[in-house]
Each structure stands twice: as C-alpha cells, then as structure tokens.
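The values are calculated or read from the model by the stated rules, or taken from the named source; none is laboratory data. What you see is a predicted model; the values in this text were computed from it and never measured. All Cβ positions, even for glycine, are placed from backbone atoms using ideal geometry, and neighbour counts span all protein chains on display. SASA here: full protein model, heavy atoms, side chains in, ligands and nucleic acids out. Shrake-Rupley method; radii C 1.70, N 1.55, O 1.52, S 1.80 Å.
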Amino acid sequence: MKDAPMTGRTRLFPLNENNLRDTLKEAAAIINDRGLVAFPTETVYGLGANALDAKAVRAIFEAKGRPADNPLIVHISSKQQCCKLARNIPEKAFKLMDKFWPGPLTLILERQEIVPDVTTGGLDTVALRMPDNEIALGLIRVSGQPLAAPSANLSGKPSPTTAQHVISDLWGRIDAVIDGGTVEIGLESTVIDMTLPVPAILRPGRISLEDIEKEIGSITTGYLDGNQPESAAVRSPGMKYTHYAPDATVILIEGASTSVVHRIQEMLKTYGLEEVKVGLLLTDESNMDIYHDEQLSLGSKDKPAELAFNLFSGLRSLDARDVDIILVDGSFSHHGIGAAVSNRIRKAASSIIKV
C-alpha cells in the first residue's frame, strides 16, 4: 500500500453504457489501495476514500484543504452496513431509512468504535447516507467499503455538479475521477441529528422539514444561515466554516421581486462608475427586467428545484468569467428546497441586503 494518495497525475474514467463494470473494478482497486476517487451521486460529486482507514481519510482532508474538525458523511449501500457503523439506532431513524433511502438524507447516529476519529471529526457520532445513484452504490459494493465522501472540491468552494468542476479543483491532487455526467439535484443532502431527544435538521436539502415530520412527527431546526463561531463544535458538514463561495465576492439581495430588481439596477450603475466587473445570478422573472453583459438565470422562482440545480454551476460559470462581484437574486420562496438554496447562498455571501 502507498503511504498517501497524492499524485501528480489523476486518472479520468469517462463512463459509457459498456464500461461501467470495468470502471467500478478499477476505481474500487484504487479505494482499496488507500486512494481517493471522485464519483457522482444524485446530489453533488463526492470525494471518496475507505471510511474505516484513517490514513486514507486523512488524505481527503489534505487534498481538499479541509479543516480536520469538519466531519465527513459516510456513504453506504445497505442498512446492514449502517448497523455495523452505528449503534443505538432509534426507531424513528429506521422509519426515515425506509422512506428516504436511497436518497438525499443523511442521518447522524451514535458511532461504533470501528469508525475512526478522523472520519467523525472526533465526535461520538457518525453521519450516514445511502446515495440514490448506481455509480456511487456500485463503487461502495465493489470496493466492499463504506466511503467517506465530502463534496469533491477545494474546501470552501462551490460544490461540484459535473466532473469538469472536480477536475478544475482537484486535478493532480487525487487519484481518479469517474465522469458520470451532470448530477440530478445539485445541492448536498439534508442532514438530521437523530441522537437528540427531538431530532434536528443541521443542514437543509431537498428533503424538507415538512417531509420528515410527515414520517416521524415534530422535529426542530438546528442550523444557522451564517457560520457558527470558531469555538463551536461541528455536528455536521456545512455548519462552521465558509462554504460554497467562488473567488468573486457574493452579495445576496433578498425581498420582493420588483424591489430586488430595482436594487440590482441601482448597484449596477454604481459599480459601472467604479469600473467593477459584475456578474448576475437571477431568477427567470428578474432576468426579463435586467440587461447586463454577464448574467445567468437560476430558473423560475416558482421552481426551487431549478434554482438548486443551477446554483453551484452558475457561481462557477460567473467566476470563470473573472467577475469581481456576483449579485444573486434572492426573491424566491425560502420554504422547502428553497430553504436549502437560501442556506447555501447565505453561506457563500459576504453580505446580505434586504429590500
């Protein structure tokens, strides 16, 4: 076995209908040799290593530049694996597994001793998820290992929704990238802490608080849209440190659509006088009222799944155009998956303007 998976050359595995089996065998061999493999899930691309091998997991933190106290989500392919990694699993957790697995829901549970400290950020809990993607599930099964897999990007940057995003951030820093095309959802999973007397959502995602309450009754919200203080313990990824931010400064403008459009138009005039290069991420509705050289549409404000799908790719696309500032239209609903979209933008933003 090699001591570390850092390489000067990353292998790319483009998938087609004929090579999935062989690709998974080669990628699994890399995993079992303590390597790092980026692979698609239904949410974003993940950077996988054997979750039970502390040396392999430490290489994830090194490749991403990720703080060591930021716990990783462990991806599994069966409930049997869940029981090997977690203990004292409450009945409500099994109900959520039955309803939402495989899918974009991560459960925080008490950990078994087999899970190393580096994987959990030193916590007595472990975050588990069964992805709804045949490539991800296949890699877990063929490797025979649960995979610790945060998003496959440099720490703090927008999460990757295509293999090209992974390549832009991590080429030469990891062993392999499986190119499975564009992901389905575009935002990370919902995370819920099942170790509390009242379960708490620690990171919003496609599966909403209302969706979960239909299955297990009352739950609570345990996250802030800003980042937690430096002294705070990190119970879930995405809580404490800067996340999802491009190199450009992100400013979020929230309010009614007409007010947001008016404020963005005013800001464009001001930045134009200052010769600041500005990019816009707008809802379809606002996009019709603003004309600017560098603007992209997030989708309709009435279709939050579109906003989620386009958010990270939009931030990356505008960053690639070397804009100095990105103004983001926050006139969409902040309920359901809209709450997750708002959460990600707020964490990426250096300032929030309410109009």
Of (1) open to solvent by less than 60 Å² (accessible area, probe 1.4 Å); (2) part of a loop (DSSP other than H, G, I, E, B); (3) modelled with pLDDT of 95 or more, residue 239 satisfies all except one. Which? (3)
Scanning for something of a type in the set (Gly, Ala, Ser), under 22 Å from the mean Cα position of the chain (by Cα) and in a helix (DSSP H, G or I), does the range 271-285 turn up at least one residue? no
Looking at (1) at pLDDT below 95; (2) open to solvent by less than 10 Å² (accessible area, probe 1.4 Å), find the lone condition where residue 231 falls short. (2)
Looking only at the range 194-207, how many residues end up being small (Gly, Ala, Ser), under 16 Å from the mean Cα position of the chain (by Cα) and not in a loop (DSSP other than H, G, I, E, B)? 0
Considering only residues of the range 290-315 that are farther than 18 Å from residue 250 by Cβ and touching a Gly at 6+ places or on another chain (Cβ under 7 Å), which is surrounded by the fewest Cβ atoms within 10 Å (Cβ to Cβ)? 306
Would you mind stating whether residue 188 is modelled with pLDDT of 95 or more, under 16 Å from the mean Cα position of the chain (by Cα) and of a type in the set (Asp, Glu)? yes
Taking the range 270-289, which residues are of a type in the set (A, V, I, L, M), modelled with pLDDT of 95 or more and either open to solvent by 40 Å² or more (accessible area, probe 1.4 Å) or farther than 21 Å from residue 343 by Cβ (or both)? 276, 278
Within the range 107-165, how many residues turn out to be of a type in the set (A, V, I, L, M, F, W, C), open to solvent by less than 30 Å² (accessible area, probe 1.4 Å) and closer than 30 Å to residue 306 by Cβ? 14
In the range 274-312, the residues that are in contact with an Asp or Glu (Cβ under 6 Å, 6 or more places away or on another chain), under 16 Å from residue 260 (Cβ atoms) and of a type in the set (D, E, K, R): 301
Residue satisfying condition, being open to solvent by less than 20 Å² (accessible area, probe 1.4 Å) and of a type in the set (Lys, Arg), within set 95, 64, 84: 64
Kindly provide the set of residues from the range 176-193 that are assigned to a loop (DSSP other than H, G, I, E, B), open to solvent by less than 10 Å² (accessible area, probe 1.4 Å) and touching a helix residue (DSSP H, G or I) at 6+ places or on another chain (Cβ under 7 Å), ordered by number. 185, 186, 187
Touching a Gly at 6+ places or on another chain (Cβ under 9 Å), farther than 20 Å from residue 354 by Cα and at pLDDT 95 or above, is that true of residue 207? yes
